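Worksheet: the structure to be examined is printed underneath.
The values are calculated or read from the model by the stated rules, or taken from the named source; none is laboratory data. Owing to the predicted nature of the structure, the values given are computational and were not obtained by experimental measurement. Every residue, glycine as well, gets a Cβ built from its backbone with ideal geometry; the counts of neighbours run over all protein chains shown.
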């Protein structure tokens with residue numbers, strides 16, 4: 001079968017309706033109950049904290065580049081972005097200057 005666009009179909013076979021097969025009866029119960037396996041994962045609180053990287057008492061976390069994320073600073077920046085006070089003309093000029101320095 002070849003399809004040419006959304007409305008044109010070319011075929012060398014008949015395009016008759018689908019044929020239904022008779023429904024089969026479900027298998028008879030054998031008397032033994034079948035248990036369905038259940039997947040389960042248990043992670044200790046120590047492992048969970050280590051996997052997220054937030055396991056330090058000083059409010060920072062390790063990142064892949066070897067630096068640290070200051071969670072309090074991230075929260076402050078998110079608040080500024082949400083209330084619209086983050087983008088100031090001075091910050092935009094500084095960012096533009098840094099970008100132009102990289103390409104120059």
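Could you please give the count of residues in the stretch 67-104 that are out of contact with any strand residue (DSSP E or B) (no Cβ under 8 Å at 6 or more places or on another chain) and not in a helix (DSSP H, G or I)?
We begin by selecting, within the stretch 67-104, every residue out of contact with any strand residue (DSSP E or B) (no Cβ under 8 Å at 6 or more places or on another chain); these are 67, 72-104.
Still in the running and not in a helix (DSSP H, G or I): 67, 84-88, 104.
Final tally of qualifying residues: 7.
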Just the residues that are modelled with pLDDT of 85 or more and on the phi > 0 side of the Ramachandran plot, please, taken from the stretch 54-104.
84
